[in-house]
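As structure tokens, the structure follows; a few thoughts come after it.
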Amino acid sequence: MSRALSTDLDDPAARPYFVWDEEVTVGELRAHLASPDRRERALWTARVMREARYQDVWKLVRLRDVVVDFSAIEPHLGRMRGFWRWLLDGWRDDGLLPGT
């Protein structure tokens, strides 16, 4: 039987609420997000950015990593691509992020 989905992103044994189609724990998710493989990091980061609530994204990924890897992440953002592009571009326009 699969483990129940959880909103507790501080519990490494919990199953994140937004990864409903795979048996992955928060600890395993964090390992994917820290992978030395850029493609793996981009796929999992995009999944977090696409499926998790906005406030939970920042519990799992760092803005610096999103900015650095955005070209690899962006193709996997699906319906959320426009939101993230708008947000990062806005932060750049406001001087909160360095230009591209």
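Structure notes:
- Relative exposure of Thr7, Thr45, Thr25, judged by other C-beta atoms within 10 Å (fewest first): Thr7, Thr25, Thr45
- Listed values for region 80-89 are Karplus-derived 3J(HN,Hα) couplings in whole Hz (6.51 cos²θ - 1.76 cosθ + 1.60, θ = phi - 60°), namely 9, 4, x, 4, 5, 5, 4, 5, 5, 5, and x replaces Gly and Pro.
- Binning the C-alpha pair distances of region 5-93 at 5 Å intervals from 0 yields a P(r) profile of 3, 15, 27, 27, 17, 9, 3, 1 %, listed from the shortest bin outward.
- Furthest towards positive pole of dipole, Met49, Leu5, His32, structure part the chain, Cβ charges: Met49
- FRET efficiency estimate (nearest 0.05) - Cβ-Cβ, His32 to Tyr54, R0 22 angstrom: 0.65
- Rounded to the nearest 20 debye, the dipole magnitude of the chain is 200 debye, with +1 charges on Lys and Arg beta carbons, -1 on Asp and Glu beta carbons, and the Cα centre as origin.
- With contacts taken as Cα pairs under 8 Å and at least 6 residues apart, region 5-93 reaches a relative contact order of 21 percent.
- Inter-centroid distance (Cα atoms) of region 59-94 relative to region 5-21, Å: 22
- Built amide H within the under 5 Å cut-off of Ser6, gap 5+: Arg15, Tyr17
- Only helices enter the 222 nm calculation for the chain: every DSSP H run of n ≥ 4 contributes -39,500 (n - 2.57), and dividing by all residues gives -16000 deg cm²/dmol, rounded to 500.
- Projecting label points 7 angstrom from Cα along Cα→Cβ for Leu5 and Leu87 puts them 1.9 nm apart.
- Sites Ala72 and Glu23, calculated FRET efficiency, Cβ-Cβ separation with R0 22 Å, nearest 0.05: 0.30
- ³J(HN,Hα), Karplus 6.51/-1.76/1.60, whole Hz, each residue of region 33-49, x for Gly, Pro: 5, 9, 4, x, 7, 4, 5, 4, 4, 5, 4, 6, 5, 4, 4, 4, 5
Only the coordinates and a few stated rules stand behind these numbers; no lab work does. The structure presented is a predicted model; accordingly, all values stated were derived computationally and were not measured. Heads up, the Cβs are rebuilt from the backbone with ideal geometry, glycines too, and the neighbour counts pull from every protein chain shown.
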